[in-house]
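To start, the structure under review is shown below, and the notes come after it.
The values are calculated or read from the model by the stated rules, or taken from the named source; none is laboratory data. These numbers come from a predicted model, not from an experiment. With ideal geometry, Cβ positions are generated from the backbone for all residues, glycine too; neighbour counts draw on all protein chains shown.
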Amino acid sequence: MLFPVVKEQKKSIYCEECYNENSYFCETLKKLKDKFTHDIVIYADVALDPYNVYGHDGIYDEKKREIINDISVHTLVKQSLCLAKCGVDVVCPSDSMDNRIEQIRKNLDFYGFKNILILSYTCKYASCMYTPFRSILSSNISHNFVKNKQSYQHDANNYIDLNNVKKHIKEGCDIVMVKPSLFYLDIISKIKSKLDEGTKVPIAVYNVSGEYVMIKNYVKSLNKDLNYENEILTELFKSYLRAGANIIITYFAKQYGLYMLNLYEKRIKVDDNSSSNFNVEITL
């Protein structure tokens, strides 16, 4: 899944850069698609915060101090169409605006992108676990950057509204997602158990930057090696699968993928993956 980091001078109130087909981000997408074609599936974030001078996921009215939902959705539709033209296979609206899934699906279909999938950030909580990622995005962002998005992201104190999940599916999303992951396994489980048996929509889970840092710092504090860290990841990822997730999005993807390849080549079962069995050297 790809996210843009946008220069300050490219940001604006109405986020026009997000649908600029000649932007650095879009040119990168085109080159990836041209080089790898069918060898990779490209997921790309759909949201306005990287392009927004205020750092919000939607168009912000400074006078009223509120997000303008309908204008935001219109811009997100334009962004989704732009990404589809540039070779993205799965658009991932992470913005939490109302009715954006329906509008994105309708417009993708109308303009001939019926095969483009939509991964909806169906359950995106206003969490403390995003800070490392946001610090990267905000490293050169103006003083207007807004860290609190509680007016449109889900309240971490509340249970999930399953009607909202079903609404997104009805509007045309192909994958639903829960973010963050570690403290929300109950949400994954509830979605899995409550979806109709005939509903074959995969559930994705996002192992976010704060969770990544927690594991990295824990392993470092114990002076343990990468093999030990991968054992932790195996335990963590299995918990996602037990809860009902079908797709795991993680910053550990390359590291853990190489680890699993090593297991496969040495014919070691994942259940026997204690660090005493083998040694893995991974260059990241």
Inset, instruction - Scan region 59-82 and report the pairs whose first residue is within 13 Å of Ile13 (Cα to Cα) and at pLDDT 90 or above and whose second residue is aliphatic (A, V, I, L, M) and buried (at least 21 other Cβ atoms within 10 Å of the Cβ), with Cβ atoms within less than 6 Å and a gap of 6+ or a chain change. - result: Ile71/Ile59; Ser72/Ile59; Ser72/Met97
Legend entry - Top-ranked residue in region 58-104 [being acidic (Asp, Glu) and surrounded by fewer than 24 Cβ atoms within 10 Å (Cβ to Cβ); ranked as nearest to Gly172 (Cα to Cα)]: Glu102
Legend entry - Exclusive hit being in a loop (DSSP other than H, G, I, E, B), basic (Lys, Arg) and more than 29 Å from Val205 (Cβ to Cβ), set Lys31, Lys63: Lys63
Inset, instruction - Could you please find all residues in region 102-145 being at pLDDT 95 or above, part of a helix (DSSP H, G or I) and among the β-branched types (Val, Ile, Thr)? - result: Ile104
Inset, instruction - Can you tell me which residue within region 2-24, out of those that are under 19 Å from Tyr43 (Cβ atoms) and out of contact with any strand residue (DSSP E or B) (no Cβ under 8 Å at 6 or more places or on another chain), is surrounded by the most Cβ atoms within 10 Å (Cβ to Cβ)? - result: Cys18
Inset, instruction - All but one of (1) within 29 Å of Ala245 (Cβ to Cβ); (2) over 15 Å from the mean Cα position of the chain (by Cα) hold for Gly112, so report the exception by its number. - result: (1)
Inset, instruction - Return a yes/no flag: does region 230-239 have any residue that is closer than 30 Å to Gly172 by Cα, hydroxyl-bearing (Ser, Thr, Tyr), under 21 Å from the mean Cα position of the chain (by Cα) and buried (at least 17 other Cβ atoms within 10 Å of the Cβ). - result: no
Inset, instruction - Go through region 211-226 and count every residue that is hydroxyl-bearing (Ser, Thr, Tyr), out of contact with any strand residue (DSSP E or B) (no Cβ under 9 Å at 6 or more places or on another chain) and either free of Cβ contacts under 8 Å to residues at least 12 places away in the same chain or surrounded by 16 or more Cβ atoms within 10 Å (Cβ to Cβ) (or both). - result: 1
